Every structure is written in structure tokens, then in C-alpha cells.
1. Cβ under 13 Å from Ala66's Cβ, Ala66 left aside: what net charge do those residues give with Lys, Arg +1 and Asp, Glu -1?
2. Ranked highest first by the average count of other Cβ atoms within 10 Å around their residues, in what order do 73-83, 253-263, 29-39, 796-806 fall?
3. Largest first and to the nearest Å, give the Cα extent of the range 10-106 along each principal axis.
4. What does the charge count around Phe256 come to, taking other residues whose C-beta lies under 12 Å from its C-beta (Lys +1, Arg +1, Asp -1, Glu -1)?
5. Just to confirm a number: summing +1 for Lys and Arg and -1 for Asp and Glu over residues other than Cys494 whose beta-carbon lies under 12 angstrom from that of Cys494, what do you get?
6. Can you work out D for the range 108-170 in µm² s⁻¹ from Stokes-Einstein, where Rh is the Kirkwood radius over C-alpha pairs, the temperature is 10 °C and the viscosity is 1.306 mPa s?
7. Using a Förster radius of 51 Å, what is the FRET efficiency between Ser942 and Tyr542 based on their Cβ-Cβ separation? Nearest 0.05, please.
8. If you find the alpha carbon centre of the range 698-722 and of the range 852-930, how far apart are they in angstrom?
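Every read-out reported here was derived from the displayed coordinates using simple, explicitly stated rules and does not represent laboratory data. On a predicted model such as this, the values are computed, not experimentally measured, just so you know. Here Cβ is always computed from backbone atoms with ideal geometry, including for glycine, and neighbour counts include all displayed protein chains.
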Amino acid sequence: MYLRPTKPALLCRRRRASAEAFNRLLFCCPSLELAAEVHARLGIAYKALEKYTLALKHLQLAFEDAREAKFLSKIQLRFHIAHCYDVAGDLTRATEEYRLLEADKRIEPHSLLRANVYRQLGWISYRLAYRTSEQRLANVNEAEQYLARAKEIAQNCGRTYYYLGRCYGELPSRAHDAFSHYRSSIDKSEADADTWCSIGILYQQQQQPMDALQAYICAVELDPEHSEAWINLGRLYEINHLYREALHCYKKSIEFDPVSPEPIKERIKVLEKELHSAGNVLNSAQARASKLPPLNEAWKLPIPQELRGRQEEFLRLKHESYIAGSPVWQSPELSAIATSKSVSPRMSAAQRQLSQILRLNPSQVEASQKALLRQVDSKLRVPGAQLPFVSSDDVADFLGEPSGDCDLGGFGRPLLEIKKENFEMPSTSGLIKKEEPEDEVERLMAEEKKPTGDDLPPTFSLLAPLRVPISVSSAEVLEMAAKRVDDPPNYKSCFEETVPPPISLPRPDEKVALSKDKLLVPTPCVVVESPKEATSPELQRYCYEKPIALIRGLTMALRIDLSLFSTKSLLETAPNHEVEVRQQYRMPGDMNVDHLGNPTWACHSVRSFTTVAKYAVYQAETFKHSLRSEVEKLKTPSGSSKYTTTDGPAAKRRRRNGAPEEPPLCSQMPEKPIRFGTNVDLSDENLFRAQLRELEKMPGFCRLTSPCNMLTHLGHTVLGMNTVQLYMKVPGSRTPGHQENNCFASINVNIGPGDCEWFGVAYEYWPQIDEMCKRRNLDFLKGAWWPNYEDLINEGIPVYKFTQKPGDLVWVGGGCVHWVQATGWCNNIAWNVGPMTAKQLDMALFSHEWNKLRSYKSLVPMQHLSWEMAKNMRFTQQKPFNIVKGVLIRSLHFSKVVADYVKKLGKPLKMHPREKNEVAHYCFHCTVEVFNIIFARAKPNSTEYTVSCVFCARKNGINDYVALQQYTFEQLASIFDTCQLQPTKTPMIC
């Protein structure tokens, strides 16, 4: 019934696959010669996936790279950066970027890029008209001026005509001009659902319902997920008394995430109620009186049928064009080349072995053998040093968009007409094979013989396998590293320098698959009755061994005053303290539904900010309202509340009891929005002195500051990790599924008075949950998701489920995936801890590298932490010692290599000692940790500096940076050599 040029699911898979491949390439080779090309392509892939933060990051990296990308020029990249801000809703920043492009003299006055800039500036002005009502007319006039200039330059851009039609449609007196421009937009680019939807609105305003109906049908034909078209189609049917049709359209609009879902949900609720009470009598009687055909007949109206035919023909021709290939390849010249020279097959195993033998014996290679080696090598090398040229059709097919003269970016088209001395089209010379001189073979073999072809390793990973024993001394590490510059032929690295990206863990190998009724695993629970039990080594060992554990009675046994963390106490202490708020919907803990009531993993969560005092008022008001509701329910015994802890049987229990499955009607739609006060920072030791002092009563392994807590040794504050955070909750408040940062363990205490419901999955199963998130187009690391309990059970994943009562402490083991929902009014406090175990170190290091692969910043700087632990701690266990010493070896070696690289360039390396409590440094561009040798560059028009890693500094022009060294190698060597294993019979217990 519906037409789509390309299936959205298939496009998403293509984009995700390409992004995955590019990320893995950048992980292995961050200083790749073609890094600018890769970042440009990766930015476009993320932009198509609507992940605008990641898109901006990679487009910025490509823009700041000193090398020019053939895929997109610098100015094209700048336009895409501006457009990312635009579509992400940051209109102020987008306007600033567009203004810079508008003032850029390198862009020809009549280029398509300038037309695109004018068009987007006009569209921003039009959208600002809705934000500032007092200047609405002025904004609309400004939009018209920009769009008129864009139309003058690019007269074949349908999008410009559409935007002008929107501007003219604001004034009833200019309805004819709006129609005219919409018609022109359709002529230029017919397959535009936005234009058809706007035409329908205009027809509806002109009291032409049949024409409006056909326009809306065309819109949803072209884009079945066009929420606004479905909403307007529903309104049209409702006005014309076709209520069942209207209800169907409203449900379709809710399904595709409209901007304002609440009014639509109200209409669905009213219509369902009326149709349920009146039955088919009301709908059939009104249908006979209506002039509009029902929805199933509307698809057969003339205009939608004609559009469908043209679109089918367009798709058929596009498919034939794809099969036949580009007309360029059908030219006689290229045909002659293709027939005269066939593509060389891949090397066989024998050829690879022959090539290796000849390379290993260069002095004994004769002239005939050199020719043979050259012939074999030609099968491995791609001619030319450029990436293949990508046409506009290739990119349009990748993005799932029709190509046209006004497409954003102009991939491979003359969209950007800059002066010729500033722009150069990709050369096709790489398609023609050139004969290589005889001495080329000697050069290649000489390069092969070198241990390294660069002054820096291709990448740096904390998981790189070591080539030296743990017992190596600092002098030996520094001597080996120095040979990279001083004596390259004899250079040997301390670790593998070519490292593949990290691979997620395989699924646990269970000898006997658990039955579904055994997948709800009993939660480890300990009841503490005395201070001696609370501080016992057995309790510490018990927690370290469990993925998640519930400890009951500990706070009471240690006489910890939890009332200090109550809302009343916070009001007295810091009423104006900032609170981050998440607006969510209240629903049962074992399910998560979308606006229409259908099961989903995606969580609705809108961020805002308030103060402790304002949230306290909200918390109290919801409690009073709930009490009044309960009193009303008691007066009416048949009454029942929806989505409370006393709800009827959940979906699973309904099926077990034989109750019929209910269709997704309005009764299952989440109707009650709530606000969750999250991330109240309690790190201020002066403001929250009493609260923090009370937590010092905790057992050593649970305390913020403790010798056996790795995070104690960071030496600086990482909010929420080695500081306390408080959460203020009302029933239904949800912390979506996640792992703690860098997979560290965490402590969570329920202050009360209400309960919390917890779900947890052991670390070993996180790759399966990651894969399930991918299948639902959700980001495991950055997204907001709430797993469906039954989905996990069906996948064979064991789940812990338990209730945390007031005073209960939950130990969340390292890497445990967990999600939490409040079932009552309560506050919670939480912080992270780092058990000094080999398992915790392994998880943290793997998470550090996995985050790097996923472009996700690790909050715990693992190099810095390892050096601080080596300086402050006494290692008594072999495995943790080996892991930390391995990080020191890699870090010291790489730091020396970078320092020597800087000196070889002739740049001064200035000492800049690290100050007390100074935070660890991260690369401004790629967000990886930068240890010891940092590269600083002043921000434009600012006195602040940004820090870069050596790989990003080299790509962006290392001469623009100041190289700083925070530790002397004598200091690092002293820490390195002092860090030794001091075994004891019993491990250290806090």
C-alpha cells in the first residue's frame, strides 16, 4: 500500500554497518593518512542516523584536520556542521555557523552552496517566528527575503519553494502564492511528504475537504511515518464525523512520535470511549452523512493513484539504472580498457608465500625474480593513493534521499563552486595503472625491512599484549622506547603496536540451559544484625563475589542517620541547590510502552533543571494528590487506579491465569507524566559536611575514601563516582538500564520512606543486551532504554529482581547491567567504589578501550589511576599487580616515544607540573585520556586552552600546539621501580 524509495530498516543497517567499520578503522589507526576522509564519511553516516552529537564530533575532526578530504571540502564540511546544529534544534549556533559561511568570500555569489545557506537561514527565521510571537511578522519577512535570494540562485530547488509556501501560508491574503509555490515544489521534487501535508492544510483552511484528503493521502503514501500528516488527516476525518477513521489516523500519528503527543492521546481516549459506548451505530450513521470516503477507499482517489504510478515508474527506472551501472562506464573508451585488461584475481596461498620469501632475501633476488615480485605485489596494491570517487547517487542511495540540485552537501556535484585555486576535484588518474621503475621494488623491500615506518605507533591501547616481562625495569623500558628515534633498525616495542579493536565477550557457556522459570535468579541477600557483621571480611568477600547483592539492616546496625538525606533536611541545608529533572511516564516495572501502548525498550525522558525547594513542593503535592485519590477509591469499591504498586496482574500473570490479552487501547497508553529529580550533587564538603561525615560510618569497602577503594587514589573529583549523588523520586521514577561508568561497582542506599524495585543482569550477559539494543536501534552506552523482562527471559538471560526497602543497601558489582524504578516516594544516595581485584581492573580497562571504540568518554582516567595506585598502594596479590604494572609499562613506553617525537620535530617540550587536585586531561577532539605529554592550543577568541592527544595534534597541524610535560621521566621511573609485589598470606581487607 505504501511506497518508500528504500526501506528504512535496511538503510539503518547500512549506516550502522558503515559507522561500525569506520570506527574500527579509526581505533586501529587514529593517525591514518586518510583520517579526514574517514571522519567526513563517519559524520555523514551519523547525521543520517540522527545521532547529531556524534556527527558533529566527526565532522569537526574532519574540518580541523590539516589534510583536505576529497569526499567533502572544508567549506562543505562547515556547511554540514551548521546543518547538524540546525536539525538538532540549536538554532542559535546554527545561525552563527551559517552567517560565517554567508560571509565567506571563497564561495562564489551564485553557487548552489550559497543558495543552500540562504535557504537554511530563511527556514531558521521562519521557525523563530513561532518562538518569539512579538517579532513573528519581522521573522517571517526576513525568512521571505533569504528564501527569495536562494530561489534566485537555485531555481530548481523544490525545498526552497516549499519553505516560501510555508511563509506565504501564514497570511490568508497570500494563500494563492502559497499554493503556487507548493505546486512549484511538487514540480521540482514530487516525492516530498512535507509539501503534500502543507498543501492539505491549506486546502482544509480553504474548506476543500476532498482536495485536502487527497493531499494528506499523498503525504502518507510517500512517508508512512509522517506523524503530522496522520494528525491532520485524523482531524479532517473527525471534523467530517468519520470517528473510526479519525481514531485510526491518530493512533498512526502517535506511533511515529509526534512533537506534542499529549493532545493526540486525549483525542484517542475520547474517541475510543465514544465509539465503545455507541458501537458501530454512531460511526455508520455519520459515515452516510459525510462527504469524505473512508480510509480504505481514499487510497484509490485519482491523485494518490497517479502519484503511486509515477513513483513506481521512478523506482523501476532507478533499479534498472543501478543494474546497468553509470552511463560513464558505457563509453567506448572505458569499454576498450575493460575488454583489454581484466581485473587481476586475488593472490593464492602459493603466491603469498613466494612474495614473503623474496622479501626476506632481498640481496639474493635476481632481475627476473624482481619482475616476478613486482607482478605479485601488483595484486595487493590498489592503484592510486585516493579513495574511490563517490557520486551523488551513491550517497543519496546511502542516505535514502532523492538526489537533486539543492541537496545539502553536494556530494560529488558542483554544489560548492569555489574559486579554482581553492578547490580541486578528485582525480581519476588512479584508475589507470602506471608502470613502476625497477628501483621501486628495492624501495618497497627496504620499507618492509624497517621495524617501523613512522615516529609514532599506529595506535595506543591499554589492552595491547606485552612483549616484555612484568619484571622489566624502567631503565630498560625507556631505553627500548628511545631506539624508535635514535636507532630505528634495532627498535623493539614493549607492546604490540598494531592492535585490533576490542571484541565483546562471548555468551557464557552453560552446560545445561536454564528453563524459563529458573531464569529469575534469586537475589543474593544478607541480613546484618551487628556492627561486627557489618565490618566483617566475610561480608566484603561475599559482595565482591556477587553480581548484585541486597544488604539489609547494615545502616541500622551502624546507626547511620539517614534522615540527613531526607527532603526536609535538604530543604534546610540547600534549598536553592540545582536538581536535574527527567520527565517520564509512570507505568508498571515489568513493562515499558510507547505513546500508543505498544511494548518498547525506548524510554521517554525529557531533561530540565529546577531547585531542591521546587522539587520538594512537587514531591509533596504528588503525595497529597495520591492520598486524595486513594480516599476516593475507598468510597467507590469498583474504582481502581492505573499503574500503581497495587495494580492488577501484569502481562505475564494475566497469561498464566488464562486472562485474555487486551489490545493496545487507550487504557494501556501511558497517561500520567511524572518528574524524577536525578543527580543532586552532594560533593560540596562545606555545604553537606554533616551528610558526608555520616557516611564515614560505612564499612571500609563501601566508603568513599578507603585504602581498598581504587577511586580514592584518583586525586581529583569525578562527580557521581568518587562523590555522592542523591536522587529525589516519586512513584514511577526510573533509572534506565545501564552499566556504571567504566564498569566500576557502586553503592546505593534507599533513604525512604517508599520502596524501589530493582532489576539486574550479570556482567557476562551485557553483550547480549547490547545486541538486543542494536536490534531496536538503541544505544547501549548513551541511550535511555528499559528492557522488557520477558524479552530477556526469551533470550535465556538470567535476571535478578528484588525490592529495596528503606535503609537497604544495594551492592552493584562491577559491570552489572541494572535498571531501577521507585514504587513509592523516596530518596536514594549512590556513589561508586573500586574494589582492588583483578576482575574489577580487567573490566575497567576493557571498558576504557570499548568506550574509545564507541566514541564515548571514560570518566575514569585509567593511566592516571594506575600511576596513582602504583605510588600510593602496596600490592599484595599477583593478578592485580600484573595488570597495573602492565599499564605502567605501556604508558611509560608510549610517553617516552611521544616525547622523543616532539623533540625530533624541533619543538620545545615545556615542563608543566601537575598541580594538586588537578583533573586528568582528555583530548578535546577524540575524548581519550591524555597522560603526561599533552598538546595545548588556545581557543579562537578566548584565553582558554584545549588539550589534544598526539594523534589529533599531528592531524590538525602540530606546529599550532604547545607541547607540555607534566611528569619528568625520573619521577615516573621512580614510581615504576618502587611499585613491587609484596605478597602476604591473606589479601588486604578493609
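1. Its environment carries a net charge of 0.
2. Going by the mean number of other Cβ atoms within 10 Å, highest first, we get 73-83, 29-39, 796-806, 253-263.
3. 38, 30, 17
4. Net of charged neighbours comes to -4.
5. Here the charged neighbours net out to +3.
6. Once the numbers are plugged in, D ends up at 140 µm²/s.
7. Plugging the Cβ-Cβ distance into 1/(1 + (r/R0)^6) gives 0.45.
8. 20 Å
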